[in-house]
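Scroll down for the structure; my scribbles are underneath it.
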Amino acid sequence: MNPRTVLITGTSSGIGKAAVTAFHRRGWQVVATMRNPARAAAFGWPADVLVARLDLTDPDSLEAAKMAAEARFGAIDALVNNAGYGLTGAIETCTPEQIRASFETNLFGTLEAIRTFLPAMRERDQGVIVNVTSIGGRMTFPFYGYYSAAKYALEAVSEGLWHDLYPSQVRVKVIEPGFTQTAFAETGLVMGEIDLPFYRERIRRLTERLKQGGTGTPPEVIADLIVRAAEDPGRRLRYHAGLYAGPLLALRRLLPDTWFMRLLRRNTEK
């Protein structure tokens, strides 16, 4: 049996970086993509990991990464859409340019990646698309309104794609991490640029908590879940792991909106 090939977006840190190691350990051929491939030189990955440039806001880089992957390994068996842009701040404090950039990466760029790799999977009648969203795609935390909006949309698209592809053997999977120990705050987090006194103190406290970091599940746990989902031949759509993910998703289902939203606010705006 020939090794399977996976292409992963956003592998320069956090979950994506851990996923490269997790897939390789399971015997997959790995294409690790990122906006700046030079960063990979310090990661110590095995020589057979193909590192390629991919910027989800640049369609030409998507096509170039696809051609490089197929030239080295042949068909792509799994696409892991992990790259993200973490826009944080009150709805009023984010500029139109920031809002568009968030959706370009978290939604539209991911859709472009799906459109790039899905046709070949359909033609072969095999493959899996794994979309990494967040528990923030099922609930909205204070000052994460735009981030959650893009993740909610990706959840909806994933459900639609699940229905679209049901007659085929191409599977769709959604990974919903809870709070995770990643370098997201340093590498992928963007704060709203508009300074409004009404929000200033609350945003200052949020920024301090993000700088402290350290709380959450190791990214390797989420990476292992991604591999399990990719290797799962069943039709299960959603998988979650990470600090508080299970309890929060259960409370989201059970509690009235007002109760649940007050609970989130009390526990995240301390």
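The values are calculated or read from the model by the stated rules, or taken from the named source; none is laboratory data. Please read all numbers here as calculations on a predicted model, not as lab measurements. Please note: Cβ atoms are built from the backbone with ideal geometry, for glycine as well, and neighbour counts cover all protein chains shown. Just the protein is used for accessible areas: all its heavy atoms, side chains included, with ligands, DNA and RNA removed. Shrake-Rupley method; radii C 1.70, N 1.55, O 1.52, S 1.80 Å.
A helix-only calculation puts the chain at -14500 deg cm²/dmol for mean residue ellipticity at 222 nm, using -39500 (n - 2.57) for each DSSP H run of at least four residues, averaged over all residues. Distance between the 7 Å Cα→Cβ label points at residue 261 and residue 220: 4.0 nm. Here the chain exposes an accessible surface that is 54 percent carbon and sulfur, computed with a 1.4 Å probe and the other protein chains kept in place. Packing order of peptides 10-16, 164-170, highest average first: 10-16, 164-170 (average count of other Cβ atoms within 10 Å over each peptide's residues). Averaging 1/r over every pair of different alpha carbons in segment 122-203 and inverting the result gives a Kirkwood radius of 15.1 Å.
Residue-normalised convex hull volume from the C-alpha trace of segment 80-153: 75 Å³ per residue.
DSSP bridge analysis restricted to the chain gives an antiparallel fraction near 5%, rounded to the nearest 5. Sorting the segments 173-179, 194-200, 134-140 by their mean number of nearby beta carbons within 10 angstrom, highest to lowest, gives 173-179, 134-140, 194-200.
Between residue 36 and residue 120, the contour length at 0.36 nm per residue exceeds the alpha carbon distance by 27.6 nm. Using Cβ point charges alone (K and R +1, D and E -1), the dipole size of the chain about the Cα centre works out to roughly 880 debye. Backbone N atoms of segment 33-77 closer than 20 Å to the 7 Å Cα→Cβ label point of residue 190 belong to residues 34-37, 54-62.
Close amide H partners of residue 240, meaning residues 5 or more places away or on another chain with modelled amide H under 5 Å apart, are 176.
In order along segment 154-159, the phi-based Karplus estimate (6.51 cos²θ - 1.76 cosθ + 1.60, θ = phi - 60°) of 3J(HN,Hα) comes to 5, 4, 5, 4, 5, 4 Hz; Gly and Pro are listed as x. The Kirkwood radius of the chain, taken over pairs of alpha-carbon atoms, gives through the Stokes-Einstein law at 37 °C and 0.692 mPa s a diffusion coefficient of 172 µm² s⁻¹. The peptide list 26-38, 224-236, put in order of mean Cβ contacts within 10 Å with the highest first, becomes 26-38, 224-236.
Ligands, DNA and RNA are left out, and with a 1.4 angstrom probe the accessible area of the chain is 48 Å² per residue.
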